[in-house]
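Asker: The structure follows.
Rule-based calculations on the coordinates, nothing more; no lab input. Every value quoted in this text rests on a predicted model; they were computed, and no experiment measured them. Using ideal geometry, Cβ is built from the backbone for each residue, glycine included, and neighbour counts are taken over all protein chains shown.
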Amino acid sequence: MDRKPTQECGSGLSRRTLIKSATVGALAAGIGSQTALADGHAAPNAIKHGFTVGEFEVATLLAGTRAVESPQNIFGMNVSADEFDAVSAANFLPSDIAQFFFTPTVVRAGDEVVLFDTGLNAAGVTAPLVAAGIQPSDVTIVVLTHMHGDHIGGLLMEDGSPTFANARYVTGQVEYDAWAKLGNERFDQKVRPFAENMTFLGDGGSVVSGITAHAAFGHTPGHMAYRLESGGEQLMLIADAANHYLWSVGFPDWEVKFDQDKAAAAQTRKALFGMLAADRVPFVGFHMPFPGLGYVEARPDDRFHYVPVSYQLML
């Protein structure tokens, strides 16, 4: 990624470095309390992870995590158990259980506070949001990448009132129309009430300056990814284009139970990760291991390798 020349400060540190340090420090101040999982294991202490992309302040938010047994009932449904077990073992993963993560992203973009997806419920998304120094009332735009329950679940509080009282809403036109036509109790309850305050985008549409929608269909009929661009830096929010860092990112042709159009979803993964690998752009995956940030490198036969972010986005 190209970087603009930095303006030097009198201390010898660049203005960019000082801004980065202050931002990351502020976003990293809140730590959530440890919670127990159903199987007795402990969830991670950190519930948000802050960094910057150019002038954008970004935080990924851990809105939930749980263990799921028999993951081949979900991932790699079109390969043999022997292949699934061998690939898992080679990558130091058990093949009989997996850990799921649910990770919305919030972006401060000028005067706008943009939240991408809302998790399973309001409590799950508001706790890490507050840890990142943002009250629900501060959110000005809620972007829904698609209409699955773990992305729309936090739109309403338990009493039925909007969780983000001052927000307007953005989603893909194709996605909204597909769910509105089919009818779905959760969609009707959580999303349809906001239709009059909703903006609908197509491929290439803009949420705000520097945040652009990208068609990533297959997981759902109108599933969208979003590219952030600021100050010569980029980040892609891929939502559920891939649901696991090995079984989906590494093997895009492996079928995923939750992909509505499995062939289209596989093509989306190959095209998306091919682009990210070629351009060396980091991405956030809603279901990647928290904090959900990584890169991909291309491997032979339309396969990819996930490389978790370490300190790159702190520099």
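Asker: Be a star and scan segment 134-154 for residues whose amide nitrogen sits under 18 Å from the point 7 Å along the Cα-to-Cβ vector of T199.
Answerer: Within reach of a label on T199, which here means backbone N under 18 Å from a point 7 Å along Cα→Cβ, segment 134-154 contributes 138-146.
Asker: Only loop residues by DSSP count here, and only those with at most 10 other Cβ atoms within 10 Å; note down the GluC sites (Glu not before Pro) in segment 175-284 that meet that.
Answerer: Working: sites: E175, E185, E196, E229, E233, E255; in loops: E255.
In loop regions of segment 175-284 (DSSP not H, G, I, E or B), there are no sparsely surrounded GluC sites (Glu not before Pro).
Asker: ³J(HN,Hα) across segment 219-235 via Karplus (A = 6.51, B = -1.76, C = 1.60, θ = phi - 60°), whole Hz, x for Gly/Pro?
Answerer: After applying 6.51 cos²θ - 1.76 cosθ + 1.60, I find 4, 9, x, x, 3, 10, 9, 9, 9, 9, 9, 7, x, x, 10, 9, 8 Hz.
Asker: Please sort by residue number the chymotrypsin sites (Phe, Trp or Tyr not before Pro) in segment 284-315 whose DSSP state is loop and whose Cβ has at most 14 other Cβ atoms within 10 Å.
Answerer: Of the chymotrypsin sites (Phe, Trp or Tyr not before Pro), the ones in loops of segment 284-315 whose Cβ has at most 14 other Cβ atoms within 10 Å are Y311.
Asker: Measuring from label point to label point, each 7 Å out along Cα→Cβ, what is the D261 to M314 span in nm?
Answerer: Distance between the two pseudo-spin positions: 4.2 nm.
Asker: Follow-up. Rounded to the nearest 0.05, what FRET efficiency do E55 and A298 give with R0 = 30 Å and r taken as the Cβ-Cβ distance? Could you check?
Answerer: 0.50
Asker: Would you be so kind as to identify which of G231, T212, M198 lies farthest towards the positive end of the dipole of segment 15-240, taking Lys and Arg as +1 and Asp and Glu as -1 on Cβ and the Cα centre as origin?
Answerer: G231
Asker: Mind putting a number on the dipole of segment 207-282 about its Cα centre? Charges go on the C-beta only, +1 for Lys and Arg and -1 for Asp and Glu, and I need it in Debye to the nearest 20. Can you show the working numbers first?
Answerer: Values: 6 positive and 8 negative charges, 12 e Å.
For segment 207-282, the charge dipole is close to 60 debye.
Asker: If you take the beta carbon distance between M157 and F92 as r and set R0 to 41 Å, what does 1/(1 + (r/R0)^6) give as a FRET efficiency, to the nearest 0.05?
Answerer: 0.50
Asker: Let me ask you something else. Only Lys, Arg, Asp and Glu count, each charged at its Cβ (+1, +1, -1, -1), so figure out the dipole size of segment 15-240 about its Cα centre, rounded to 20 debye.
Answerer: With only Lys, Arg, Asp and Glu charged at Cβ, the dipole is about 660 debye.
Asker: With a bin width of 10 angstrom, please list the P(r) values of segment 122-195 as percents of all Cα-Cα pairs, from the 0 bin to the one holding the largest distance.
Answerer: 18, 55, 24, 3
Asker: Okay, next question. Show me 54-61, 256-263 ranked by packing, highest mean number of other Cβ atoms within 10 Å first. Mind showing how you got there, number by number?
Answerer: On the way: 54-61: 24.1, 256-263: 16.8.
Descending mean neighbour count gives 54-61, 256-263.
Asker: If I stretch the segment between A278 and V68 completely, what's the gain in nm (0.36 nm per residue apart, minus their alpha carbon distance), one decimal?
Answerer: 72.3 nm
Asker: While we're here: Could you tell me which of N166, M77, G50 has its Cα farthest along the dipole of the chain towards the positive end, charges placed at Cβ (Lys, Arg +1; Asp, Glu -1), taken about the Cα centre?
Answerer: Positive-end residue among those listed: G50.
Asker: Give me the number: length gained by fully extending R186 to A81, i.e. 0.36 nm times residue separation minus the C-alpha to C-alpha distance, one decimal in nm.
Answerer: Full-extension gain reported as 34.4 nm.
Asker: Let's see if you can work this out: charge +1 on each Lys and Arg Cβ, -1 on each Asp and Glu Cβ, no other charges. What is the dipole magnitude of segment 150-241 about its Cα centre, in debye to the nearest 20?
Answerer: 140 debye
Asker: For segment 164-314, what does the alpha-carbon gyration tensor say about shape, rounded, prolate or oblate, given a ≥ b ≥ c as the root eigenvalues, a/c under 1.5 as rounded, and a/b over b/c as prolate?
Answerer: oblate
Asker: Next question. Viscosity 1.002 mPa s, temperature 20 °C: what is the translational diffusion coefficient of segment 212-300 from Stokes-Einstein with a Kirkwood Rh over Cα pairs, rounded to a whole number of µm²/s?
Answerer: For these conditions, the coefficient is 167 µm²/s.
Asker: Moving on to the next point. Taking +1 at the Cβ of each Lys and Arg and -1 at the Cβ of each Asp and Glu, which of T140, G250, I97 sits farthest along the dipole of the chain towards its positive end, judged by Cα position relative to the Cα centre?
Answerer: My answer, from the dipole projection, is T140.
Asker: If you take every DSSP beta bridge fully contained in segment 15-240, what fraction is antiparallel? Give it as a percent rounded to 5.
Answerer: 75 percent
Asker: According to the Kirkwood expression over distinct Cα-Cα pairs, how big is the hydrodynamic radius of segment 276-315, in Å?
Answerer: 10.7 Å
Asker: Next question. Expressed as a whole percent, how much of the Cα-Cα distance distribution for segment 15-240 exceeds 31 Å? Intermediate values should be presented prior to the final figure.
Answerer: Working: 6645 of 25425 pairs.
Beyond 31 Å sits 26 percent of the P(r) for segment 15-240.
Asker: Summing -39500 (n - 2.57) over the DSSP H runs of n ≥ 4 in the chain and dividing by its residue number, what mean residue ellipticity at 222 nm do you reach, to the nearest 500 deg cm²/dmol?
Answerer: It comes out at -6500 deg cm²/dmol, rounded to the nearest 500.
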